[in-house]
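Working notes for the structure below.
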Amino acid sequence: MSPPEARLWLALRDLRKQGFHFRRQHPLLGYYLDFVCLGRGLAVEVDGGSHEGRGDWDARRDAALAHHGVKTLRIAAADVRDRLPDAIDFILRELMAAAPTRPLRDHPPRDGKGD
């Protein structure tokens, strides 16, 4: 993890107290997500220098995730470094606005199997 990612990870872990569980470097749909809260379908990506010139690739990735119900928040590494409380507030607002979702690793519901 880059220093901004490590700093954000420590802050995201504190959100567990509010019921939001994040995973880091989580594989999903052939991509590795910096951070994801599967319970709310929210991925958080820290965009630093390595993302320069990758706008088209990032847009395709975000669209593929959105197609499967995962919204991507992109936060600049400079914002994590210089304005971490604001970044956490933004993430927390998005988490609270997102409807809880069934975790992707749960078993399918038993009802609805047909007649």
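The values are calculated or read from the model by the stated rules, or taken from the named source; none is laboratory data. Quick caveat: nothing in here was measured; it's all calculated off a predicted structure. Every residue, glycine among them, receives a Cβ derived from its backbone with ideal geometry; neighbour counts consider all protein chains shown.
Couple of notes before you dig in:
This table checks each residue for (1) acidic (D, E); (2) within 9 Å of the chain's Cα centre (by Cα).
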site	(1), (2)
G41	no, yes
W57	no, no
A63	no, no
V70	no, yes
D79	yes, no
L84	no, no
A87	no, no
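- Just one of the listed residues (D86, D47) is charged (D, E, K, R), at pLDDT 95 or above and on the phi < 0 side of the Ramachandran plot, and it is D86.
- Given (1) under 21 Å from A97 (Cα atoms); (2) modelled with pLDDT under 95; (3) touching a Pro at 6+ places or on another chain (Cβ under 9 Å); (4) not β-branched (V, I, T), index of the condition A11 fails: (2)
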